[in-house]
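To start, the structure under review is shown below, and the notes come after it.
Derivation of every value follows stated rules applied to the coordinates shown; laboratory data play no part. Being a predicted model, the structure only gives us computed values, none of them experimental. Heads up, the Cβs are rebuilt from the backbone with ideal geometry, glycines too, and the neighbour counts pull from every protein chain shown.
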Amino acid sequence: MRMTLARSIRSIALLALAGLFAGCSTVEYAHQAWQGQRAVIRDSVPIHAIVEDPAADPHLQDRLTAALQARRFASDALALPDNPSYTRYTALPRTYVVWNLFITPEFSLDAVEHCYLVAGCVAYKGYFEEASAHQEASAWSEQGMDVFVGGVPAYSTLGWYDDPVLSSMMHWDDDYMAKLIFHELAHQQFYIKDDTAFNESFASFVGEQGLREWRASRGLPPPDMTLDRRQQQLTELVLAAREDLAALYASEQNDADKRAAKTERFARLQADYRALRDEQWEGFAGFDQWFGDSLNNAALLPFGLYDQWVPAFARLFQQVGQDWSAFYAAVEQLGQLPEADRTRRLAQLAGR
């Protein structure tokens, strides 16, 4: 079930490894990030060597052949960076490559941010060992903070390294893997500091539109959007809860009353989810584990943040005649605007 959750909640699955370029981070944190990244690169093998090896697993060869084809399509058809990224393969000794830790105060939906030299400030910390992520989460929890740890199947080093295909990217089908490759290459194409929503929404659009074009190029019908629709319905439930909680936390109620109302609102969110699952999704249980864990402010952070501007980028893509090079140029111009102007322009494009 954990795998379905990670695939469905894209917002905790598609992040840059900011910790690799530590600024105000601790020495220990920077060390684990460096060592983890070093191992990922050290253990990578050229994909062509696996594909051509008669002793290799035929299923793995087929999956990696599809990955190489998607990688070539990314540069030839989507105008994404043409470099050695995703031409090597790393078999990981674990389910995910990193685990991201999100932290918020008890009565706030604002993330505790962590700032780094290259990636800027982001709303999470990434750990290559799950135990380390949970250990850090416990330390924050003891301080009265809300915490959430989520597994991550892939990340981008923003072009500093040639990122490999990871075994954690291959737990799902070829469509998912192709979309993930397009998404992560989009981070290499363009990235701005201190605006996670912009970066992830841009990369999410490139991944989704790229997948549509990838399937069309192979004579396949458009991708099945059932999971995406369910994800959107779930996101709408969560955003409604976040709106209510934000109003609660901004109110003049005392902490005891806020705590009781917070508990009640999370209980209602769980009830709303069960109704959606049982009445509209025919019992689809892909999100059950998330709702089975202790819900808190930190668990709500990823929802909506990483795809909120996807409609804006879709509109921009249409405005430039679906020309990828022109689209990237327009995205770069948008990214150079001051933050307030950039947000207003994105809202206009999204029709808000």
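Electrostatic tally near S132: other residues with Cβ closer than 11 Å to its Cβ, Lys and Arg +1, Asp and Glu -1, net -3. Between S141 and E264, the contour length at 0.36 nm per residue exceeds the Cα-Cα span by 42.2 nm.
Look at (1) 20.3, 69; (2) 19.2, 59; (3) 20.8, 63: the one that is Rg and Dmax of the Cα atoms in Å derived from this structure is (1). Computed about the Cα centre, the dipole magnitude for segment 310-349 is approximately 140 debye when only Lys and Arg (+1) and Asp and Glu (-1) carry charge, each at its Cβ. Extension gain, A131 to W34, is 33.2 nm, computed as 0.36 nm per intervening residue step minus the present C-alpha separation. In whole Å, what is the distance between the alpha-carbon centres of segment 190-230 and segment 23-56? Between the Cα centres of segment 190-230 and segment 23-56 lies a distance of 26 Å. Where only DSSP H runs of four or more residues are counted, the chain gives -17000 deg cm²/dmol as its mean residue ellipticity at 222 nm, each run worth -39500 (n - 2.57).
Shape summary of segment 139-232, radius of gyration then Dmax from alpha carbon positions: 15.9, 55 Å.
Spin-label model, A91 to R344: label points 7 Å out along the Cα-to-beta-carbon direction sit 5.6 nm apart. With neighbours defined as other Cβ atoms within 10 Å of a residue's Cβ, the residues E136, E184, E282 order from fewest to most as E282, E136, E184.
Please work out the FRET efficiency for the pair E332 and I41, using the Cβ-Cβ distance as r and a Förster radius of 35 Å; give the result to the nearest 0.05. For E332 and I41, the calculated efficiency is 0.80. Between R315 and Q233, the modelled labels are 2.7 nm apart [label points 7 Å from Cα along Cα→Cβ].
Shown here is the pair-distance distribution of segment 219-352: with all Cα-Cα distances grouped in 10 Å bins from zero up to the longest one, the shares run 10, 30, 28, 23, 9, 1, 0 percent. Along each principal axis, taking the top coordinate minus the bottom one, the Cα set of segment 310-349 gives 27, 18, 12 Å in descending order. Remark: spin-label model distance Q280-R72 equals 4.2 nm, labels positioned 7 Å along the Cα→Cβ axis.
Under 25 Å Cα to Cα from K193, which lysines show up? Leave out anything in the same chain fewer than 8 places away. Of all the lysines, those that pass the test against K193 - Cα under 25 Å, at least 8 places apart if same chain - are K125, K179.
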